[in-house]
Structure formats: structure tokens, C-alpha cells
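Student: Quick one: structure below, then a few questions.
The values are calculated or read from the model by the stated rules, or taken from the named source; none is laboratory data. Please read all numbers here as calculations on a predicted model, not as lab measurements. Here the Cβ positions follow ideal geometry from the backbone for every residue, glycine too, while neighbour counts run over all protein chains shown. Please note that ligands, DNA and RNA were not included when accessible areas were found on the heavy atoms of the full protein model with its side chains. Shrake-Rupley method; radii C 1.70, N 1.55, O 1.52, S 1.80 Å.
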Amino acid sequence: KNFNIGQEKVVIGWLARVTGVKNPQLVIEISKALPQFEFLVGGAGELFEELKAKSPINCKFLGWTDAAEFLAACDLIISTSHNEGMPVALIEAQMAGKPVIATNVGSVSEVIENGATGKIVEKTAEAFSNAINDLINDQQLLADMAKKAEKRANSLFLPEVMIKKHIDLYKVLA
């Protein structure tokens, strides 16, 4: 409702800095390949205005937005990055019960359990489109991934869990 999208629409979200390393150009390609779905792009950066002007009607560039509100509006999240460290937005997405489709860069494969909590794909519009269609066309698989994503993210990435893991590591290294 807050993003002016009907409840009957499937919403694919992308939440990151709109900058070259995050590869937001690929979101436009994917949204053109899947005109039946709505795409929300949350974030800002030096490519924001250029890409917003190039985006098709089913791809809305929002700028900075509240992550919780954004994630609540989405059926699944994609990440098209060329490079990542620890992808916090993907952790947040999974904590919110959203499966993630992402490229295999940085620590993405530590956050996403491929095939269980989301999918790891090649950096092509075709690979993303196929993975999106696979999940949206199998609502049971989408729901199962959502549950597993939330459970796994909350067991591995809560602040208190991460702090304990760091302390344990420091004790081993000391």
C-alpha cells in the first residue's frame, strides 16, 4: 500500500547503494525480462537518477527507504552485486522471512544456503529471471524457503550470536 502496489502483484526487491559495484543496471535488465512483476529498488547513490530515468514502468526507484517497510512489501529479494563483504541487507531480508536470489560474491554463500534459503545464480538477467520464475511459480517452495531463511538467519546472525562467535574466536587466537 505504501509503495502504491496492489496486493495481487508479485514484488521483487533490491536494496543497496545504487553504485557500480552493486550492479543495479542488472535490475533494470531483469525487470524488462519480467514485466509481469513489480520491482522495487531501495537505496541511493551516484547511478540513481540515471537508472531511474532508464527503468521500465514495472521498476520503481524509491531512494533511501525504511528497510522493514521495504522488506514487508516484497515477496523475495535479489542482490546483483559484483562484490560484497558481509551482505547485511541479505541477512536482514532473511530475518524478515524473505528468500534471496543473489550472485556468488564475498560472503553471500555464507548467508544464503543455496537451494534452501534462496538461490545463488550467475550475474545474468536470464539466470535471475529463471530463478525468480522458479520460486514464484512454486508457492510452496517460496514459503518453505522463507521459513528456512528466517530460522537460519535468526540462529546465525543475531547480534548476540555474532558477538559470542567473535569472542570465542578471539579466545582461540589469544
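Student: With a Förster radius of 30 Å, plug the Cβ-Cβ distance of ASP144 and LYS1 into 1/(1 + (r/R0)^6) and report the FRET value to the nearest 0.05.
Tutor: 0.65
Student: In the chain, if every C-alpha pair distance is counted and binned at 5 Å from zero, what percent goes to each bin?
Tutor: Per 5 Å bin, starting at zero, the Cα-Cα P(r) for the chain comes out as 1, 9, 18, 21, 22, 14, 7, 4, 2, 1, 0, 0 percent.
Student: Also, I was wondering about something else. Just MET95, MET145, MET86 to compare: in a GNM of the chain, with alpha carbon springs under 10 Å, which one fluctuates most?
Tutor: So, out of MET95, MET145, MET86, the one fluctuating most is MET86.
Student: Charges only on Cβ, +1 for Lys and Arg, -1 for Asp and Glu: so what's the dipole of segment 1-97 about the Cα centre, in debye to the nearest 20?
Tutor: Roughly 180 debye, rounded to the nearest 20.
Student: Could you order TRP64, TRP14 so the one with the most accessible surface comes first? Probe is 1.4 Å.
Tutor: TRP64, TRP14
Student: Okay, moving on. Long-range amide H contacts for LYS119: which residues qualify at under 5 Å (H placed 1.01 Å from N, peptide plane, sequence gap of 5 or more or a different chain)?
Tutor: Result for LYS119 returns VAL100, ILE101, ALA102.
Student: In what order, largest first, do VAL21, VAL172, VAL121, VAL100 sit by accessible area if the probe radius is 1.4 Å?
Tutor: VAL172, VAL21, VAL121, VAL100
Student: How much length is gained on full extension from SER109 to GLU126, taking 0.36 nm per residue of separation minus their Cα-Cα distance?
Tutor: 4.1 nm
Student: What FRET efficiency, computed as 1/(1 + (r/R0)^6) with R0 = 25 Å and r the Cβ-Cβ distance, is obtained for ALA67 and LYS151, rounded to the nearest 0.05?
Tutor: 0.80
Student: Where does each of ILE57, ILE136 land when they are ordered by accessible area, with a 1.4 Å probe and the largest first?
Tutor: Result of the area sort, largest leading: ILE57, ILE136.
Student: Quick one: 3J(HN,Hα) in Hz for segment 105-118, Karplus 6.51/-1.76/1.60 with θ = phi - 60°, rounded, Gly and Pro as x.
Tutor: 10, x, 9, 4, 5, 7, 8, 9, 8, 4, x, 10, 10, x
Student: Moving on. What does the helix-only formula give at 222 nm for the chain: each DSSP H stretch with n ≥ 4 adding -39500 (n - 2.57), the total divided by the residues, and the result rounded to the nearest 500 deg cm²/dmol?
Tutor: -13500 deg cm²/dmol
Student: Output the DSSP H helices from the chain with an along-axis C-alpha extent of no less than 20 Å and a mean Kyte-Doolittle hydropathy no less than -1.0.
Tutor: Result, helices passing both filters: 139-156, 159-173.
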